[in-house]
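Below: the structure, in structure tokens.
The values are calculated or read from the model by the stated rules, or taken from the named source; none is laboratory data. Since the model is a prediction, treat every value here as computed from it, not as a measurement. Here the Cβ positions follow ideal geometry from the backbone for every residue, glycine too, while neighbour counts run over all protein chains shown.
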Amino acid sequence: MLNFIEGGVCAAQGFKAGGIHVGVKTHAEWKKDMAMIVSDVDCACAAVYTKNVVKAAHIHVDKAHLADGKARAAVINSGNANACAPHGEENAERVCAAAAKAVGCPAEDVVCAATGVIGQTLNVAVMEAGMPDLYAAVEASAAGSDAAAHAIMTTDTVKKEAAVETTVGGKTVRMGGIAKGSGMIHPNMGTMLCFLTTDCAISPEMIRTALLETVNVSFNRISVDGDTSTNDTCCVLANGLAGNPVITEKGPDYEAFLAALQALCMEMARKMASDGEGATHLITCTVTGAASEQSAETIAKSVIGSALTKAAIFGADANWGRVLCAMGYSGEDFDPDKVDISFVSDAGSVQVCAKGRGLDFDETKAKKVLTEHDVTIAITMGEGPASCTCWGCDLTYEYVKINGDYRT
């Protein structure tokens, strides 16, 4: 039985977290800018990263630290991406060393991440100075996930946090996560920062397999603006304190674990798409009747990535031709004369296209449907049995305002 629960990254046994302001963000002293997640015991750990050729310093450091598939803690800062910055990797190692000293573990058992402006030197001194206070905040509260979630936010307007509970090997297993992601988001790994924790007992090899399977059906199916970040990181830590038989191969226990992890990450992916910079609508694109899942995914991604479609949803304009157009340049081969399109929300449903041709529909009803925050573009292909769902958001004036002076 899979249930959503409270607690974020602290929902699983043996995990604590926290977040404080140390001074990385100099323009807003009241904003938390450094987070830490710590396990009581060593964890199996895996991570996946951006496919952008330009990568932040922490990615290179984390790859080295996770060569043994093991970690104990994670430390994340906002306000500075530490990407393309002077002394980037050296500073990332210094952050890990300071965290390790506070936690009492080897520096190689700490992973780190950063988010913010690219190309500026990280003020590692304030992070080192603030590390004892950060660890004290972690130890002081068993419910520090909220503070950690807020500490990793940049242009996010709401925190991204969730947790689930399921049964694996006859034992109750919990997992939770925090994430940040609002802009510079496009499907190409995870396009954000996300840290996941679980008390499930699972080998490093199998947790990496599960993570790869999960990001492909969750974070890789969202897009805000078509920009793939330099810093994308999705990391999962599993400390085994649930006491289930260790998962070392695929089977019923692995499938139960995977189902929970995917449910958790899909929920967080939707939260990110919904909070796209300047967004006023969450756009869900469902493609059914496709020749293959890959084809359905490519088409759905093309639709949610279309600037013209996103602008139409912002204006509550049922301009379905933009949807069909985006499908057509996706690169997938299909018969347009088999395509049906509908717009759906809590206000109802209106079909606007049948067999590739426009229908006479009620524009007033369509406007009402598209005025809702959550809007679904439902596409039926008539090509086969496969389906896929992807998530995006509308394109608004506010997006341009946010990114017109992001650095200055």
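Given the criteria over 27 Å from the mean Cα position of the chain (by Cα) and either within 26 Å of Asp275 (Cα to Cα) or not small (Gly, Ala, Ser) (or both), does Leu370 qualify? Here the answer is no, as Leu370 does not meet what is asked. Note on segment 66-101: residues that are in contact (Cβ under 8 Å) with a residue 40 or more places away in the chain and not charged (D, E, K, R) total 15. Entry remark, segment 221-244: residues being in contact with a helix residue (DSSP H, G or I) (Cβ under 9 Å, 6 or more places away or on another chain) and either crowded, with 24+ Cβ neighbours inside 10 Å or part of a loop (DSSP other than H, G, I, E, B) (or both) number 15 in total. The residues in segment 1-54 that are of a type in the set (Val, Ile, Thr) and surrounded by 15 or more Cβ atoms within 10 Å (Cβ to Cβ) can be counted, and the count is 8. Each residue in segment 324-354 was checked for being surrounded by 13 or more Cβ atoms within 10 Å (Cβ to Cβ) and assigned to a loop (DSSP other than H, G, I, E, B), and 5 of them qualify.
All of (1) modelled with pLDDT of 95 or more; (2) touching a strand residue (DSSP E or B) at 6+ places or on another chain (Cβ under 8 Å); (3) over 30 Å from Thr167 (Cα atoms); (4) not polar (S, T, N, Q) hold for Ala279 with one exception: (1). Among the conditions (1) closer than 16 Å to Met192 by Cα; (2) crowded, with 17+ Cβ neighbours inside 10 Å, Arg72 misses just one, which is (1). Of all residues in segment 62-70, none are assigned to a loop (DSSP other than H, G, I, E, B) and modelled with pLDDT under 95.
Is segment 373-382 home to any residue that is of a type outside the set (Lys, Arg), more than 22 Å from Glu267 (Cα to Cα), in a loop (DSSP other than H, G, I, E, B) and out of contact with any strand residue (DSSP E or B) (no Cβ under 7 Å at 6 or more places or on another chain)? No, the conditions are met nowhere in segment 373-382. Close Cβ contacts (under 8 Å, 6 or more residues apart or on different chains) running from residues in segment 207-218 that are among the basic types (Lys, Arg) to residues that are not in a helix (DSSP H, G or I) comprise Arg208/Ala46; Arg208/Gly69.
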